[in-house]
Each structure stands twice: as structure tokens, then as C-alpha cells.
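The values are calculated or read from the model by the stated rules, or taken from the named source; none is laboratory data. Quantities reported herein were computed from a predicted structural model and do not represent experimental measurements. Cβ coordinates were reconstructed from backbone atoms using ideal geometry, including for glycine residues, and neighbour counts include every protein chain displayed. What goes into the accessible areas is simple: the full protein's heavy atoms, side chains included, and nothing from ligands, DNA or RNA. Shrake-Rupley method; radii C 1.70, N 1.55, O 1.52, S 1.80 Å.
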Amino acid sequence: MSRAQILDGKACAKEVRSKVASAVAMIKGQHGVTPGLAVVLVGADPASEVYVKNKGKQTLAAGMASFEHRLPAETVEADLLVLIEQLNQDKAVHGILVQLPVPAHIDEAKIINAIDPAKDVDGFHVINAGMLATGQDGLVPCTPVGCVILAKQAMSDLSGLEAVVIGRSNIVGKPVAQLLLRENCTVTIAHSRTKNLKDVVARADLVVAAVGQQELVRADWIKPGAIVIDVGIHRLTLDGGGTKLVGDVAFDEVAEVAGAITPVPGGVGPMTIACLLRSTVLACCRAHGIVAPDL
Ligand code: NAD
């Protein structure tokens, strides 16, 4: 039996999706607008295929319009840019997501920055990154939003907490740190060159692990009672032939010390698509001057 509160990402994502569905019904009913999400997949990476399929399914389930564009792996950058420009101009599309990674011959940053920032529901456009960094209302990356929603399930007011984010990627580490700063945490960003990582993490009331290293964070790194949010996803092949998902945190032992912890699977993972739908509704409301409902 673990001591920690288990932060149930599946249940929390269901709640977010249900709020999104109510908002969509209101927007359709009162304004005659259907929020629409376009997802672009270049190539046939199996993991990306699964993500794109799930995104499409959940978009439709929320009552929204889903537009899928599957392009062959050999698509040239110029053709992808043409498609993005068409989607930028398309009034039925309020959110555009290009599934990453794109094939190596395509410049990822160029593609992301070609998306209209007002439709950039992944929040990776340099304008949205800048808006987040300067405390303005832009579109915010989905996984980091999910992390903060889950942390607030453990403690509704994170103000004043000592937060340590492990990882400084543009898609998780940096934006989650910005969001925690917005929640008035005292934020440290640790990374691969951080000295004495264990001691840095040990001061945290709130730890977000976005490292990409399987079960790196151990029980003796954690301050008793701390909130631990695990973003990592690693698929292990078991001796018997099956597979098992684990995170960046050694769940069983850390759950004995932490006050609250997200499991893998069923923690941060399910929140990402729910937050993507939420961002699409917010983008739609902004595009049509609709006062956004509480999501
Ligand atoms: P990334 O590889 O881009 O970044 C990892 C970061 O961790 C880097 O900034 C690096 O400096 C730091 N790092 C690496 N080794 C370290 C070490 N030993 N000590 C301290 N810091 C170290 O990864 P990412 O895209 O930010 O993703 C991180 C993890 O989250 C991955 O496991 C990824 O699969 C997962 N992820 C999950 C979701 C989700 O929806 N749940 C979304 C995105 C990423």
C-alpha cells in the first residue's frame, strides 16, 4: 500500500473532456460555430499513428470537427508549408497540430513557426512561447498544462511551493517551469548538466520529472510529502514477452515517501489529448470573440 495520494490522470482527463464537450455544445448552440482541429501526420511512425488516431477519436467524441491529413514520408517541406497555409486560411479549422517528429529532411522549427500562432494548439510557435514567458494569454503546450492541472488536484494553491522541474526541453521542461512560475512557485530547472541533482530535487515540495530516463528519480531524492508529477514514458519488454510502461520516477518506492504522485500509465499521459481539445476550444472562442467558458 502506497502512502501517497495517487493522482488519477484518466479520471481527471475525463473531467476535462466532459467540460470541453459542454463548452462545444454551448458554442454550437449559441454561436453556430463548431470548433475544428486539424492534425497533420507526415510518414507512418507507429507511435505517431496511434496518437493521431486517438486525437481524431476524442475530437469527434467531444462534438468537434476533426480534419486528418496523412502525408507520405517523402513529402517535401514546401508541400507541407502549402498545406499549413491552407489550414491557416480555413475558417473551419481553429487548431492545427503537426505530429512530431517530422521526417529528418523537414525543418521542424520552420514548420511550427509557419502555423498561425492563433491556431497553434500545441503552443510550440515562438510567439506562443514568448507569450507564456511574458505572462500573456497565448496557447500553451498541452502536456505541461496537464501536469499543472494534476498538481492542483493534490494542492489547489501551489503558491510559494519550491518546485523543481527536471528537464529543459521546449515541449515539456521549459513551459512547465513557466506555468509553475505563473502559479507563484519558486522554480528551479534541473537538466543533464545539473550538479548534485539528488540534493536539488530533495528541496522540492513539487517535482516534475521530464527527463526521458527510466526510473531515474528514487525515493531517497524526495522530500516526505512532496507532490511528484512523472512525465516520462518508457515501454519495457518483459522476460515473459509482454510489455510494461514505466516513467522517469521509480513509482513503487517514491509512492512510499511522496504526498501525491502520478502513475505511469494513467497519469500525465491521458491529460495531453484532453488539454489539446481544451486549447482548440479556447482558440475557437478567441477567433470568434466568444467569452470562453471555465475549462
Ligand atoms: P527531451 O529528451 O527533449 O529532454 C529531456 C531533458 O532531460 C533534457 O533537457 C535533458 O537536459 C534532461 N536530462 C536528460 N538526462 C538527464 C539526467 N540524467 N539528469 C538530469 N536531467 C537530464 O525529452 P522531452 O521531450 O522533454 O520528454 C521527456 C520525457 O517525457 C520522455 O520520456 C517523453 O517520452 C515523455 N513525454 C511524455 C509526454 C506525455 O504526454 N506524457 C509528452 C511529451 C514527452
222 nm mean residue ellipticity, helices alone, for the chain (DSSP H n ≥ 4; -39,500 (n - 2.57); rounded to 500): -12500 deg cm²/dmol
What pairs from LYS152/LYS223; LYS57/LYS244; LYS14/LYS55; LYS53/LYS119; LYS55/LYS152 go past 22 Å between their alpha carbons? LYS57/LYS244; LYS55/LYS152
Using the heavy atoms of the protein chains alone and a 1.4 angstrom probe, what is the accessible area of segment 32-116 per residue in square angstrom? 47
How much net charge surrounds LEU180 when only other residues with a Cβ under 15 Å from its Cβ are counted (Lys, Arg +1; Asp, Glu -1)? +1
Please work out how much length the chain gains when fully extended from SER192 to ASN54, using 0.36 nm per residue of separation minus the C-alpha to C-alpha distance, in nm with one decimal. 46.5 nm
Once the dipole of the chain is set up with Lys and Arg at +1 and Asp and Glu at -1 on Cβ about the Cα centre, which of ALA250, VAL148, ALA23 lies farthest towards its positive end? ALA23
Shape call for the chain from the C-alpha gyration tensor, a ≥ b ≥ c root eigenvalues: rounded (a/c under 1.5), prolate (a/b greater than b/c) or oblate? prolate
Chain lengthening between ALA61 and THR243 when straightened (0.36 nm per residue, less Cα-Cα): 62.6 nm
On the formula 1/(1 + (r/R0)^6), with r taken between the Cβ atoms of THR34 and LEU81 and R0 of 25 Å, the FRET efficiency rounded to 0.05 is 0.40
Accessible surface, segment 185-295, averaged per residue in Å² (probe 1.4 Å): 45
Which distance in nm do the two modelled labels at SER159 and ALA73 give, with both placed 7 Å along the Cα-to-Cβ direction? 5.3
Compute the signed sum of charges (Lys and Arg +1, Asp and Glu -1) over the other residues within less than 15 Å, Cβ to Cβ, of ASP107. -2
Once you measure Cβ to Cβ distances between cysteines in the chain, which Cys have no partner under 4.7 Å? CYS12, CYS147, CYS185, CYS284, CYS285
For VAL126, what is the net charge nearby, where nearby means another residue's Cβ is under 15 Å from its Cβ and Lys, Arg count +1, Asp, Glu -1? -2
Separation of the ASN170 and THR134 label points, Cα + 7 Å toward Cβ, nm: 1.8
Can you tell me the relative contact order of the chain? Whole percent, Cα pairs under 8 Å, sequence separation 6 or more. 22
Quick one: helix 268-288 against the long Cα principal axis of the chain, what's the angle to the nearest 10°, folded into 0 to 90? 40
Which distance in nm do the two modelled labels at LYS152 and ILE6 give, with both placed 7 Å along the Cα-to-Cβ direction? 2.4
DSSP beta bridges in the chain: the antiparallel percent, rounded to 5, is 10
Over the chain, what percent of the accessible surface lies on carbon and sulfur atoms, probe 1.4 Å? 53
